[in-house]
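Colleague: Pasting a structure below so you can have a look.
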Amino acid sequence: MRPGAAGTADRDAIGTLWPGRRVLVTGATGLLGGWLVDALRARGADVVCLMRDRVPRSRFHTEAIGDHAVVVRGELSDRSLLERTLAEYDIHTVFHLAAQTIVGVARRDPLGTFESNIRGTWNLLEACRQQRQVSAVVVASSDKAYGAQPQLPYVEEAPLLGRAVYDVSKACADMIAQSYAEVYGLPVGVTRCGNLFGGGDLNWSRLVPGTLRDLIGGRAPVLRSDGTQVRDYLYVEDAAAAYLRVAEVLTERPDTVAGRGFNFSHTKPQSVLEMLENISKAVGTEIEPVILGEASDEIPAQYLDSSQAMAELGWEPGIGMHEGLRRTAAWYRAHLGNGG
């Protein structure tokens, strides 16, 4: 076992962390946020969610996830609100997921994306620095922060070379988190996940939800790219488990995790066309896609080495790609059947 790796005894002890623990989640109405709140509540945590906008079609609302959490209305730009929330609710653990995550929006609105993803991160980390009871902060970075690399898969030691607007915003947030850990000793860890998929993603421009909606509706899926780009994918409940794991180890053994980023993926990179075939199998319908070949500025291949998280955190994807797609397809069948 590598130094700092989590053994069975460690996992059993850390598993008792959540009952009654006070947790703040930003970005709870997003794809991952809703599933993370579900996982925290199932473990007995008391959850507070910072919410800027009410998103009525999100799982957070349609599946009444918010009924089991305290909702604080406000923005990451309001540092006094952040400090009040952390203090008033005696927050011990923070999951920072809130961000502008749509690549197309980032390209159209770089300043808004930088404000949300970069300034929002340093405001929250500064607020956490002022609150001594905060013992773990998990910041969502992305595999996109690595940018184009000379070698694949991405390993945690690789430099962050993102150049596109969204990629740069996540790389900056990632490095700011590392800085707060190094300079101020803040117990913060960073997650770098592959492309998330799962029930609740209503951004139809993304491959998985867009393809599922088309196939379930009997239409041909439309690919913006030529289908050859290779990416990593991660089922959302496996991602939620990864975030919990980082927070657990941060709390119990902060010196082994603080200031570090960890990669999380299914470790089975897929081309867009291969992923489309997997989605078709999950739905049980095959329709020849319309390939537009318009996405000419995308990096040809991006995928992660997750061995460090497996060895040192004891994490592994418990649900996996195919079962995850089956669950996702079932969610969309039910959702679209109800007029979603």
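Colleague: Name the one entry in Val137, Val165 that is under 27 Å from Asp232 (Cα atoms), touching a helix residue (DSSP H, G or I) at 6+ places or on another chain (Cβ under 9 Å), in contact (Cβ under 8 Å) with a residue 40 or more places away in the chain and open to solvent by less than 20 Å² (accessible area, probe 1.4 Å).
Modeller: On the way: Val165 fails: open to solvent by less than 20 Å² (accessible area, probe 1.4 Å).
Sole residue among the options that is under 27 Å from Asp232 (Cα atoms), touching a helix residue (DSSP H, G or I) at 6+ places or on another chain (Cβ under 9 Å), in contact (Cβ under 8 Å) with a residue 40 or more places away in the chain and open to solvent by less than 20 Å² (accessible area, probe 1.4 Å): Val137.
Colleague: Separate question: In this structure, does Gly66 turn out to be touching a residue at least 24 places away in the same chain (Cβ under 8 Å) and on the phi > 0 side of the Ramachandran plot?
Modeller: no
Colleague: Continuing with the same structure: If I ask for residues that are over 27 Å from Asn195 (Cβ atoms) and either open to solvent by 20 Å² or more (accessible area, probe 1.4 Å) or hydroxyl-bearing (Ser, Thr, Tyr) (or both), which ones from the stretch 101-134 would you list?
Modeller: Hits for the stretch 101-134 are Glu126, Arg129, Gln130, Gln131, Arg132, Gln133.
Colleague: A follow-up question, please. Being outside any helix (DSSP H, G or I) and within 22 Å of Gly162 (Cβ to Cβ), is that true of even one residue in the stretch 73-84?
Modeller: Yes, the stretch 73-84 has at least one match.
Colleague: Do you know which residues across the stretch 200-239 are under 18 Å from Gly324 (Cβ atoms), of a type in the set (Val, Ile, Thr) and open to solvent by 30 Å² or more (accessible area, probe 1.4 Å)?
Modeller: Within the stretch 200-239, the subset under 18 Å from Gly324 (Cβ atoms) is 200-203, 206-213, 215-216, 231-239.
The next check asks that each one be of a type in the set (Val, Ile, Thr); those that pass are 208, 211, 216, 236.
If the condition is that a residue be under 18 Å from Gly324 (Cβ atoms), of a type in the set (Val, Ile, Thr) and open to solvent by 30 Å² or more (accessible area, probe 1.4 Å), then Ile216 is the only one that fits.
Colleague: Please specify each residue of the stretch 244-266 satisfying the condition of being hydroxyl-bearing (Ser, Thr, Tyr), touching a strand residue (DSSP E or B) at 6+ places or on another chain (Cβ under 7 Å) and open to solvent by 10 Å² or more (accessible area, probe 1.4 Å).
Modeller: Answer for the stretch 244-266, where residues must be hydroxyl-bearing (Ser, Thr, Tyr), touching a strand residue (DSSP E or B) at 6+ places or on another chain (Cβ under 7 Å) and open to solvent by 10 Å² or more (accessible area, probe 1.4 Å): just Thr251.
Colleague: May I pose another question? Could you check Asn203 against (1) part of a loop (DSSP other than H, G, I, E, B); (2) in contact with a strand residue (DSSP E or B) (Cβ under 9 Å, 6 or more places away or on another chain) and say which number it fails?
Modeller: All conditions are met except number (2).
Colleague: Another question about this same structure. Considering only residues of the stretch 1-25 that are basic (Lys, Arg) and modelled with pLDDT under 95, which is surrounded by the most Cβ atoms within 10 Å (Cβ to Cβ)?
Modeller: This residue is Arg11.
Colleague: Here's something else I'd like to know. Filter the stretch 54-65 down to the residues that are closer than 18 Å to Leu24 by Cα and either among the β-branched types (Val, Ile, Thr) or at pLDDT below 90 (or both) and list them by number.
Modeller: If the condition is that a residue be closer than 18 Å to Leu24 by Cα and either among the β-branched types (Val, Ile, Thr) or at pLDDT below 90 (or both), then Arg54, Ile65 are the ones that fit.
Colleague: I would also like to ask the following. Can you list the helices (runs of 4 or more DSSP H) lying wholly within the stretch 101-158 that have 3 or more residues being among the hydroxyl-bearing types (Ser, Thr, Tyr) and over 25 Å from Ala28 (Cβ atoms)?
Modeller: Fully inside the stretch 101-158 and qualifying: nothing.
Colleague: Hey, another quick one. Which of the residues that make up the stretch 274-296 are under 16 Å from Thr228 (Cβ atoms), part of a helix (DSSP H, G or I) and either open to solvent by 30 Å² or more (accessible area, probe 1.4 Å) or touching an Asp or Glu at 6+ places or on another chain (Cβ under 7 Å) (or both)?
Modeller: Glu274, Glu277
Colleague: Next question, about the same structure. Starting from residues that are polar (S, T, N, Q) and in contact with a Phe, Trp or Tyr (Cβ under 9 Å, 6 or more places away or on another chain), keep the ones in the stretch 26-76 and report whichever is most open to solvent (accessible area, probe 1.4 Å).
Modeller: For the stretch 26-76, the residue satisfying everything is Thr29.
The values are calculated or read from the model by the stated rules, or taken from the named source; none is laboratory data. In this text, all values refer to a predicted model and were calculated from it rather than measured experimentally. Reconstructed Cβ throughout: ideal geometry from the backbone, glycine too, with neighbour counts over all protein chains shown. Each accessible area value is taken on the protein alone, full model and side chains, heavy atoms only, with ligands, DNA and RNA left out. Shrake-Rupley method; radii C 1.70, N 1.55, O 1.52, S 1.80 Å.
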